[in-house]
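Enquirer: Following this message is one structure expressed as structure tokens.
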Amino acid sequence: MKTKDLGKYLLYEDGKLQNKKNGKILKPLVNSKGYLFYLVDLDGKIKTHYAHRLIYKNFIGIIDAKLEVNHKDGNKTNNYPTNLELLTHKENVLHAVKIGKIKKGKNSPISKGEIEMIHPITKVVLKTYGSQRQAALEEKISYSSICCCVNGSRLSAGGYLWRYKNTDNG
């Protein structure tokens, strides 16, 4: 298996990172979106380094700031160079739709439309909004926080629960 010397660490082409001093393979962490990453010092400062970006940069080439590293098979833990490619954000989204990682059409979270603001204790619907953007503007709550709530990666935003209208009303 091919390796690259990163100073204190040895990077394997499958994304594993080995501490050269003690020989131990570091266990990668996983972010909320499923990407593997390491918190390591590669350039004098401990920072987050995503495995797929490390692999691309060290085994394939430079990553243009306007492009994203895409996993061809959609598996965010398959970081072999042969599974990685550079795409624009639009191309990356279209690829995700094509392989079924993002839903398209009327069943898409983007197309679900109305969302409900729910009291966290009583679970009573306090208000319905035509869109996440409308709710964010009217309630002065971060749009991305509301998005995370309705998509299930966050519990609350602005002190309220959020969901798409006509979903589990239990």
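The values are calculated or read from the model by the stated rules, or taken from the named source; none is laboratory data. Keep in mind the model is a prediction, meaning the values are calculated, not measured. Note that each Cβ is placed from the backbone with ideal geometry, even for glycine, and that neighbours are counted across all protein chains shown. Only protein heavy atoms, including side chains, enter the accessible area calculation; ligands, DNA and RNA are left aside. Shrake-Rupley method; radii C 1.70, N 1.55, O 1.52, S 1.80 Å.
Enquirer: Does segment 66-83 include one or more residues that are of a type in the set (A, V, I, L, M, F, W, C) and open to solvent by 70 Å² or more (accessible area, probe 1.4 Å)?
Expert: No; the residues of segment 66-83 include none that is of a type in the set (A, V, I, L, M, F, W, C) and open to solvent by 70 Å² or more (accessible area, probe 1.4 Å).
Enquirer: Can I ask one more? Among the residues of segment 58-72 satisfying the criterion of being touching a residue at least 12 places away in the same chain (Cβ under 8 Å), assigned to a loop (DSSP other than H, G, I, E, B) and out of contact with any helix residue (DSSP H, G or I) (no Cβ under 7 Å at 6 or more places or on another chain), which is farthest from LEU10 (Cα to Cα)?
Expert: Residue satisfying both the conditions and the ranking: LYS66.
Enquirer: Within segment 151-170, how many residues turn out to be assigned to a loop (DSSP other than H, G, I, E, B), under 20 Å from the mean Cα position of the chain (by Cα) and not basic (Lys, Arg)?
Expert: So the answer is 5.
Enquirer: Does TYR164 fit the bill of being aromatic (Phe, Trp, Tyr), more than 17 Å from TYR35 (Cα to Cα) and modelled with pLDDT of 85 or more?
Expert: So TYR164 fits the description; yes.
Enquirer: Right, here's the next one. When residues of segment 32-48 are filtered for being out of contact with any Ser or Thr (no Cβ under 7 Å at 6 or more places or on another chain) and open to solvent by 40 Å² or more (accessible area, probe 1.4 Å), how many remain?
Expert: So the answer is 9.
Enquirer: Let me ask something additional. Output the number of the condition that ILE55 fails; it satisfies all remaining conditions of (1) aliphatic (A, V, I, L, M); (2) more than 30 Å from GLY7 (Cβ to Cβ); (3) assigned to a helix (DSSP H, G or I).
Expert: Condition not satisfied by ILE55: (2).
Enquirer: Looking at segment 1-23, which of the residues that are basic (Lys, Arg) and either in a loop (DSSP other than H, G, I, E, B) or within 23 Å of the chain's Cα centre (by Cα) (or both) is surrounded by the fewest Cβ atoms within 10 Å (Cβ to Cβ)?
Expert: LYS21
Enquirer: Please go through segment 87-102 and pick out each residue that is open to solvent by 40 Å² or more (accessible area, probe 1.4 Å), outside any helix (DSSP H, G or I) and of a type in the set (A, V, I, L, M, F, W, C).
Expert: ILE99, ILE102
Enquirer: Where residues in segment 126-150 are part of a helix (DSSP H, G or I) and of a type in the set (Ser, Thr, Tyr), which of them is farthest from the chain's Cα centre (by Cα)?
Expert: For segment 126-150, the residue satisfying everything is TYR143.
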